[in-house]
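Contents: one structure, followed by commentary.
Computed from the coordinates by the stated procedures, all read-outs in this text should not be read as laboratory data. Bear in mind that the values here come from a model prediction, so they are computed numbers and not experimental data. No Cβ is skipped: glycine too gets one built from the backbone with ideal geometry, and neighbour counts run over all protein chains shown.
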Amino acid sequence: MKSQLIRFLLIFAISLSAVAAEEQKPAEKKATLSDEIVLQPNSPQLDSLKIEPVIEITAPATEPLNGKIVFDENYTARVSSPLLGRATSIKAQIGDKVKAGQVLMVMDSPDLGSAVSDAKKADADLEMKQKAMERNRMLLEGGVIALKDFESSESDLAQSKAEAERANARLNNLGIKHSLNQTYTVRAPISGTIVDRQVNPGTEVRPDAAAPLFTITNPDHLWASIDLPERDLGKIEIGQALSISVEAYPDETFNGHVKAIGVVVDPTTRRIPVHCIVESKGKLKAEMYAKITPLSLKSEKVIQLPNTALITEGLYNYVFVETSPGHIKKRRIVLNVQDRDYATVKEGLQVGDKVVTVGAILLNSELMAGK
């Protein structure tokens with residue numbers, strides 16, 4: 001009786017094992033298919049997904065670098081006054097477009113009166129010395145004066161001529177005529193847009209002021225400035241293409257190229273200043289912060305993805321690829337470089353693959369729930 005009970009228990013255990021083995025076969029099949037989601041054509045879930053073909057770009061030479069959009073100094077003028085005085089009238093406002101020679105400000109300047117007076121005195125003295133020399137020439141020829149007296153008059157004339165030239169050169173530099181009027185006009189040296197003004201009516205104007213009175217520039221011509229880390233100096237050269245992005249236009253990139261590389265490393269930051277010309281498309285503004293990516297010198301191509309397409313699990317990265325309409329499969333990829341918004345792919349994707357760029361997290365949650 002006891003042996004029959006033992007035999008029954010053994011048979012029962014073997015039967016349970018066989019049933020468990022049969023139940024595990026579908027589970028194994030499910031695990032094999034657990035990296036794929038199938039959606040019906042009319043599934044509302046499709047409306048929440050954005051599926052795009054991957055694009056290929058020129059490979060970056062470095063990680064994106066911090067930079068700033070600045071004025072192109074070749075199209076920028078900072079206007080100051082060469083004279084001491086007081087502003088009486090402001091003729092231009094911030095944002096105004098001006099032409100070269102246009103009046104920006106009128107000021108009252110006693111220094112101008114002094115300069116005009118000095119020029120007139122110098123001219124009068126020169127005229128007097130010329131007459132004195134001509135008179136002494138006649139006296140010398142008549143034997144009335146000695147040669148040294150004539151030479152002395154020549155020296156006086158040369159000194160007067162030099163002083164007159166100096167006084168008149170200053171007036172010419174100021175762009176004014178001989179006039180006792182103390183009103184001085186500040187004019188625009190170039191055509192452009194006024195982007196800064198540091199003077200108001202009644203303001204004392206000094207030629208040694210730290211800030212310019214007006215800043216004029218052409219906003220269509222901008223530079224991108226980079227503080228290049230010393231370790232990346234060998235990856236940059238003049239003329240190299242750049243990709244530039246700013247927060248104001250997160251879905252748009254701007255082209256540029258390296259214009260000049262600094263010759264000195266900052267001893268504090270260990271960085272080198274780099275100036276780049278950027279195609280602003282009329283959208284960029286000076287002082288914008290930018291992410292600037294130098295591109296491969298060999299024009300190598302890589303696949304770029306937005307970070308919203310990535311699923312990170314541990315040390316690995318995945319994306320969802322549409323293999324056929326409604327069939328979306330999870331695929332492991334290897335990244336090359338990743339920044340705040342985009343990543344470049346080293347392995348796992350080819351040009352033409354359609355990837356879920358919006359909604360990947362929801363798809364991954366559904367997969368995890370189904371396991």
Show the residues, 5+ positions off or on another chain, whose built amide H is closer than 5 Å to the amide H of ALA343. LEU305, ASN307
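Mind checking the dipole of segment 257-358: about its Cα centre, +1 per Lys or Arg Cβ, -1 per Asp or Glu Cβ, Debye to the nearest 20?
Numbers: 16 positive and 10 negative charges, 17 e Å.
About 80 debye.
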Across 5 Å bins beginning at 0, the whole-percent shares of Cα-Cα pair distances in segment 251-322 come to 3, 9, 15, 16, 15, 15, 12, 10, 3, 1, 0
ASP96's amide H: which non-local residues (gap 5+, or another chain) put their own amide H closer than 5 Å, with H modeled 1.01 Å from N in plane and none for Pro or chain starts? ILE194
At ASN42 and LYS97, where each label point lies 7 Å from the Cα along Cα→Cβ, what is the point-to-point distance in nanometres? 5.7 nm
Charge sum, other residues only, whose C-beta stays under 15 Å from ARG197's C-beta, Lys/Arg counted +1 and Asp/Glu -1: +2
When a footprinting reagent is the concern and you count Cβ atoms within 10 Å, what order do SER89, SER299, SER109 take, fewest first? SER299, SER89, SER109
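If packing is taken as the mean number of other Cβ atoms within 10 Å per residue, what is the order of 190-202, 60-72, highest first? Intermediate results must be reported in sequence, preceding the final value.
Details: 190-202: 15.7, 60-72: 19.1.
Highest to lowest by the protection proxy: 60-72, 190-202.
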Determine ³J(HN,Hα), in whole Hz, for all residues of segment 309-315 in sequence, where each value follows from phi through the Karplus function 6.51 cos²θ - 1.76 cosθ + 1.60 and θ = phi - 60°; x replaces Gly and Pro. 7, 8, 10, 9, 10, x, 8
The answer for the net charge of residues other than ARG271 whose Cβ lies under 12 angstrom from its Cβ, with Lys and Arg +1 and Asp and Glu -1, is -2
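Mind ordering 138-148, 213-223, 123-133 by average Cβ neighbours within 10 Å, highest first?
213-223, 123-133, 138-148
Using mean Cβ contacts within 10 Å as the protection proxy, how do 266-274, 93-101, 243-251 order, highest first?
Working: 266-274: 13.7, 93-101: 12.1, 243-251: 15.4.
Top of the packing list down: 243-251, 266-274, 93-101.
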